[in-house]
Amino acid sequence: MIDFLLNGQPRRCEASPETSVLELLRETLGQTGTKEGCASGDCGACTVAIGEAGPDGSVRYHSANACITPAHQLHGRHLVTVEGLAQGDTLHPAQAAMVECHGSQCGFCTPGIVMSLFTLHEQQHHTPAPLTPAPLTPQRLEAALGGNLCRCTGYRPIRDAALTMGEHPEQRPLWLDAAAPPPAAPETDARFAQPATLAELVELRRRHPDARLVAGATDLWLETTQRLERFERLIDVTRVAELNAIEETTLDDGRPGWWIGAAVTYSRLEPLLEEHFEPFAHLLHRLGSAQIRNRGTLGGNVANASPIGDTPPVLLALGSRLWLTGPEGERELPLDDFFLDYKKTALGEGESIRAIFLPRPEAGRTLKVWKLSKRREDDISAVLGAFSWKLEDGILREVRLAFGGMAATPKRAAAAEAALEGQAPSTAAFQAARLALTRDFQPMSDVRGSAHYRQLSAANLLERLRLVLLRDHQMQPSSHTDREVMLHAYAH
Ligand SMILES: Cc1cc2nc3c(=O)[nH]c(=O)nc-3n(C[C@H](O)[C@H](O)[C@H](O)COP(=O)(O)OP(=O)(O)OC[C@H]3O[C@@H](n4cnc5c(N)ncnc54)[C@H](O)[C@@H]3O)c2cc1C
Ligand code: FES
Ligand code: FES
């Protein structure tokens, strides 16, 4: 049973485990304002806002793709849809601005765009104290709308609506501040089980070895919307307290850092990355869309073990570890030992990822991350390179070069690393490393890129790394071309 608020009204619904929020809205509740476009999280037509009570009791809304959000995850939450925004004849500022700026033509994308603008408006104008709203920069605007496609209006009027909606008067319904009543008791043995503690999660996995785990569902749900599979039984990890924690720690080997709970969403992780891992934070801005980052988790990205997942190469370059938990107890594993083969991991039967270790950046260590994809916004990588190294007295040390999109798993380039380790970052050393990449990888061709493109791009990323080293350490360029290139592109 799902107990939640819909636009301020209490609702109680039954649904099968694989029901999405979109199906619940359109097919069970007859609320058809929320549209279905792609059913895979790509177009944003189905965007809704989901409110959760924070530790202080105030409700914070995030945007989500209703087509790939499990209906059961609404339990104890407040769902706001496009039907709820207008108060009588008074439009919400997001709607009024869209009308005034001519932000809609055929209108199919409009409910989704309005809901993305609504969450942006809430974050800008109703941020609960003591938090302060971040200024509306072009980047924030792009981030808020990057997951919404419009095929006919063009984005300028929509952007104008976003920029001017704050000027429209608002009659904010009081119900927006209402938190859904807390879930009576976590449903631990339903077909969509929602354990609240790690002990419950372990016990459920022991009792139901065939059940699938679900976190943000931004990968898993495509199995039902695209491949029409049924889930007999799901165990939701998103309410497990231990999996939601971010803890500062020191490992037994003395390395300080943070254990990031596997169910921590990208949006929650962002402030920590912004503060300590700027290149990783920069990558996050290009991972999916706001809707995806609000739901998707680091644990889901690692467990999914996709060769083109964005965060595993970065975690490999950082020297991350995993904290696994299962019926046999707990264990730690270097991420280097986790990916075994295509979509095959070292997770044992009944084991879950509890947390992912991010080592605190050491003095003298640098990280660079470059993602190559066909679109800048909301696109999966063709090739991703994540590189980390120390430069001591002009010599490269502890070089870690990890790639996505180059093999059946996210993988370090052992031969290329060996070619650079202990060398000055010279043209010759990098030439050897680029050549070594052909021993490290035999990539495949697919819709995102041919094998040749991938091999060449990976080598070019190493060349980019050489030029960045040249620039950052004020070494002498070895050719006119180097100087030209350095003068231009390599800001990140
Ligand atoms: C439109 C769209 C754009 C996307 N863009 C990107 C992108 O740019 N880059 C990118 O890397 N990915 C992208 N993704 C994929 C996806 O968003 C990420 O992989 C995300 O991190 C998955 O996390 P999740 O919490 O949604 O996982 P889920 O979908 O809930 O789960 C994924 C897998 O992990 C397992 N799992 C989840 N949690 C655990 C756990 N704690 N222990 C063990 N197993 C677990 C599940 O059983 C499932 O097999 C995109 C997806 C969509 C739909
Ligand atoms: S229908 Fe396209 S994102 Fe949901
Ligand atoms: S108005 Fe037609 S798709 Fe946006």
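The values are calculated or read from the model by the stated rules, or taken from the named source; none is laboratory data. Computed from a predicted structure; not experimentally measured. Note that we place each Cβ from the backbone using ideal geometry, even for glycine, and neighbour counts take in every protein chain shown.
Per-structure values
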item: Verdict on Cys38 being touching an Asp or Glu at 6+ places or on another chain (Cβ under 6 Å) and surrounded by fewer than 23 Cβ atoms within 10 Å (Cβ to Cβ); result: no
item: Output for region 290-310, where each listed residue is out of contact with any Phe, Trp or Tyr (no Cβ under 8 Å at 6 or more places or on another chain) and more than 16 Å from ligand 2 (Cβ to nearest atom); result: Gly299, Gly300, Asn301, Ala303, Asn304, Ser306, Ile308, Gly309, Asp310
item: In region 125-154, residue nearest to ligand 3 (Cβ to nearest atom) [restricted to those that are among the polar types (S, T, N, Q) and modelled with pLDDT of 90 or more]; result: Thr153
item: Selection within region 345-372 - on the phi < 0 side of the Ramachandran plot and over 21 Å from the mean Cα position of the chain (by Cα); result: Ala346, Leu347, Gly348, Glu349, Glu351, Pro361, Glu362, Ala363, Arg365, Thr366
item: In region 34-48, the residues that are away from ligand 1 (no atom under 12 Å from the Cβ) and out of contact with any Gly (no Cβ under 9 Å at 6 or more places or on another chain); result: Glu36
item: Per-region count, region 361-402, residues part of a strand (DSSP E or B), in contact (Cβ under 8 Å) with a residue 40 or more places away in the chain and closer than 13 Å to Leu318 by Cα; result: 11
item: Within region 29-47, tally of residues that are in contact with a strand residue (DSSP E or B) (Cβ under 6 Å, 6 or more places away or on another chain) and more than 16 Å from ligand 3 (Cβ to nearest atom); result: 1
item: Within region 193-221, considering residues that are of a type in the set (Gly, Ala, Ser) and touching a residue at least 60 places away in the same chain (Cβ under 8 Å), the one nearest to ligand 2 (Cβ to nearest atom); result: Ala217
item: Among the residues listed as Gly76, Gly33, the single one being of a type outside the set (A, V, I, L, M) and at positive phi; result: Gly76
item: Single match in Thr188, Thr164 (criterion: β-branched (Val, Ile, Thr) and at pLDDT 90 or above); result: Thr164
item: Segments classed as helices (runs of 4 or more DSSP H), wholly inside region 403-492, with at least 1 members that are at pLDDT 90 or above and under 23 Å from Tyr342 (Cα atoms); result: 414-420, 427-440, 451-472
item: Yes/no for Ala15 being within 15 Å of ligand 2 (Cβ to nearest atom), touching an Asp or Glu at 6+ places or on another chain (Cβ under 9 Å) and not assigned by TED's automatic domain parsing to the domain that holds Ala245; result: no
item: Residues satisfying the stated conditions in region 133-174, i.e. surrounded by 14 or more Cβ atoms within 10 Å (Cβ to Cβ), within 25 Å of the chain's Cα centre (by Cα) and touching a residue at least 24 places away in the same chain (Cβ under 8 Å); result: Leu136, Glu142, Ala143, Ala144, Leu145, Gly146, Gly147, Asn148, Leu149, Cys150, Ile158, Ala162
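Let's see how each residue does on (1) under 19 Å from the mean Cα position of the chain (by Cα); (2) over 22 Å from His126 (Cα atoms):
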position	(1), (2)
Ser16	no, yes
Glu27	no, yes
Ala49	yes, no
Leu79	no, no
Leu85	no, no
